Each structure stands twice: as C-alpha cells, then as structure tokens.
1. Picking from Lys113, Lys62, which residue would you name as being charged (D, E, K, R), out of contact with any Lys or Arg (no Cβ under 6 Å at 6 or more places or on another chain), within 30 Å of Gly263 (Cα to Cα) and buried (at least 17 other Cβ atoms within 10 Å of the Cβ)?
2. If I ask for residues that are at pLDDT 95 or above and either farther than 28 Å from Glu379 by Cβ or touching a helix residue (DSSP H, G or I) at 6+ places or on another chain (Cβ under 9 Å) (or both), which ones from the stretch 91-106 would you list?
3. Determine, yes or no, whether Lys101 is in contact with a His (Cβ under 8 Å, 6 or more places away or on another chain) and not β-branched (Val, Ile, Thr).
4. Specify which of the listed residues (Ser321, Ser355, Ser332) is of a type in the set (Ser, Thr, Tyr) and out of contact with any helix residue (DSSP H, G or I) (no Cβ under 7 Å at 6 or more places or on another chain).
5. Mind counting the residues in the stretch 378-409 that are surrounded by fewer than 15 Cβ atoms within 10 Å (Cβ to Cβ) and in a loop (DSSP other than H, G, I, E, B)?
6. Looking at the stretch 302-324, which of its residues are closer than 15 Å to His107 by Cα and either assigned to a strand (DSSP E or B) or among the acidic types (Asp, Glu) (or both)?
7. Of the numbered conditions (1) modelled with pLDDT of 95 or more; (2) surrounded by fewer than 18 Cβ atoms within 10 Å (Cβ to Cβ), Gly375 fails exactly one; give the number of that condition.
8. Which of the residues belonging to the stretch 264-320 are under 30 Å from Ile186 (Cβ atoms) and β-branched (Val, Ile, Thr)?
Amino acid sequence: MKFTSKRFLVYSLLITLIFSSLIGCAKEANTTDTSTTLSMEDRLEDFEYLYKIISENYPFLKVNERVNGINWLEQKEKYIKLVENSNNDTIFMNNISAIVKDLNNGHTHVIDKESFKWYYTVYTNPKYKKSNKPWSKVFKDKTVLKWYGFNEDEFENIKSQGFFGSNAPAFHSDIIIPDEVAYLKISQMNGERVEEDGKEIRKFYEEVKDYNKLIIDIRGNSGGDDLYWMKNVIEPLTKEKISVGNYIFTRGNYGKPFYKARGMKQSPISKLDKNILENFPQEIKMDFDYYHISNRTIQPKNPIDFDGKIYLLVDKGVYSSSESFAAFCKDSGLATLVGTTTGGDGIGIDPLFFSLPNSGIVIRFSSLLALNGDGTINEEVQTPPDIEVDSAIGYSYENDKTIQFVIND
C-alpha cells in the first residue's frame, strides 16, 4: 500500500511485499474453484469492461509499447477470441489473467483466491476505514465475494500470521572492516516491525557512527511499507530536513475517489506551466488528464551524527516501496547508489482495484505515471545507480563484487 498522508503515506506498500513472489510476475489465477456459471455474453461483457477501464485509465500503455513492443489496445480482437475460447469459468479467469499480464507491470494483475484473502483483510481494516474506503468497496462487493468464495471466518487466522508472514527482524547488521566499513542488510520493508527493528538499527548506528562507510543493502527487496525506511534509515542518518518532489500524472476518472481518499489533490494538465510540460515525455501532454506534485519531506529525529559516506546497494529486485527508497536517496543525494538499475514503479499511492461486473474477478493495476527527478518515467527507466557494478549477491563479502567495490572506493 502507499498511503499519502502521515501514517497513511508511509503505511503505503504494506501489501506489495506480501505477494512479491506472487504478483511480481503474477502467477496464473487458477486457484479459484469456479463452476461454469457465466454465459459467453457475461464473459464478453466482462472483457469489454476490463478493456474500457484499462484504455481510459492505465498509465503505461505507451511505455509497454516502447519497452516490450506490445500495443495492448490493438490486441483487442485477439483477446476477444481468447475469451470466446473460454469453455468454463476457470479457463475464463486464466485467460483474463493472461490478457492483463500483457501489460507487463508487476503491480497489475488478476487477484487469485489466496491473495484475495490478504488484500481483503488489509483493505477492510477498520483502522483505515476512511482512507481505504474505495479499495474496501471493491472487496466487499457481493459478486466479488461470491466469485472468490470468501469466508469471513478466515480473518483471524490470516491476521494471526502477520501481514508479512514472518515476525522475524527484517534486517541484518554486521561489521565488514572494524572501524571502517559497516553493513546493514534490509530484506523487506516490514511495516509490522518498524518500531521494533528501529530500536536495534539505531543501536547499530550508534556503534558505527564514527566509521568511514555505511553500506545499506536492499538488493532483492521487493517492497513493503515506506514507513520502515523513512523511520529507520532517513530520520536517524540525516542531519537536516530532506525534501523530494515528483510529478505524478493520471488518466481518466476511475481513480478519482481513490485519490481523494488519500488526500491526493489533482489539477488539470491545462494548468501546468507549458514550459515545464514541454520538457516531459510527449504522451503526458497527449494522453493524460491530471497532474499532482508529490512532495515528501523527512525531518531528522535524534540523528546519530554519522559523518561517513552512505552507499545503497540496488538491483532489479528493488521494487515498489524499496524503489521509492532508492529514488528518494538518489534524488536527495543522501546515498550513492551502487549496483544495477532497480525494478521501478515505487512513487505514489497504492495501485487501484476494480472488479468485473458479471464474474466478480478483481484486477489490480497501477494508475500513476510518476517522473523521476530528471523528468524520466520511473516505470520505464526505473532508478539507475550512480555507479554501475555487477549486483549479483555473493556467498561472502569477499565474493560480492558490489560490496568489494564499496570497500575499495
């Protein structure tokens, strides 16, 4: 999740990490046991609704063309034939999943039965009733609940497991070279361990505050909760206020209630300074309707007075909330990014959800086109490192080229 104000802003990508293995490459949605209840007319109507939502609201159609060579809108007839070849509801759901996969975005996919339980539990959480209302409305729809055969008795069992499936610390700290190089590995931005891990991470900072180099390794970290890195990395390490602003653009009107619930104020593209607009990718002026300037400011909190150099190790596995962290570090200059280009799509609020009217199949999709500080599209170019080095994780510090680069830098 990606809430946009105070706790809601940084509670943000809570769900993303839960399903990093499920949704990063969106597994086939064949775990929902559905009998043949839909007519062919129902299925075609559902597809048309999907096509309409995506064509009017999805932000990365042109990016998909450039990066993957897929003009999704022009595949309509192919997709209709795929739907017509769906002999039962299970095949239909799998075919809808395949159609959505052609959009090639890790946040955009069909929700399967297992992941539905988690999403439902998080987005219907009474604690965030107001800010999650549009999301909750999708999951509480009667047609949706019937399709997924969801039983509310499963709530307590799901919540007892923890949203991230583990209550173990989400970090590992070490000394690579005494009095010189310290190492902090963050494996996930676990929103349930912000405070608990934060206490131990701060103790580590105090221990190494006079070191020359601090390595923060987020390679393979597919996201979680922005609050984790804001509270446990930025606040203790920065000595002054840091602010980073990003332009965010949207298409269509489906997302309006979602953005309003998160306090994301939008303005028509026509009100954006033309000189600024001319410097942005052409599709923004041609295909988008609204813009928002996301300003993220982080104040130091009892800083530990670290004067050494901070290195952030990144790779393609850095996604969602971790991508947000990498982009923030690069745009603010807090850390030197070392490794390979990240996975992208980490700036803004949670992805949106909609359900198909006849079946109740739920689809998640990214709705925001965010620009990096240099005006490039984050989803397209992600966050390139300041220093490109083989980012493969070694079985020891000595065999890890990224770590060895930092040691010798």
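The values are calculated or read from the model by the stated rules, or taken from the named source; none is laboratory data. Note that this is a predicted model, so its numbers are computed, not measured. All Cβ positions, glycine included, derive from the backbone under ideal geometry; neighbour counts span all protein chains shown.
1. On the way: Lys113 fails: within 30 Å of Gly263 (Cα to Cα).
Only one candidate qualifies: Lys62.
2. Step one: list which residues in the stretch 91-106 are at pLDDT 95 or above, which gives 91-105.
Ile91, Phe92, Met93, Asn95, Ile96, Ala98, Ile99, Val100, Asp102, Leu103, Asn104, Asn105 - these are the residues of the stretch 91-106 that are at pLDDT 95 or above and either farther than 28 Å from Glu379 by Cβ or touching a helix residue (DSSP H, G or I) at 6+ places or on another chain (Cβ under 9 Å) (or both).
3. In short, yes.
4. It is Ser332.
5. Qualifying residue count for the region: 6.
6. Result: Tyr319, Glu323.
7. (1)
8. If the condition is that a residue be under 30 Å from Ile186 (Cβ atoms) and β-branched (Val, Ile, Thr), then Ile293, Thr297, Ile298, Ile304, Ile310, Val314, Val318 are the ones that fit.
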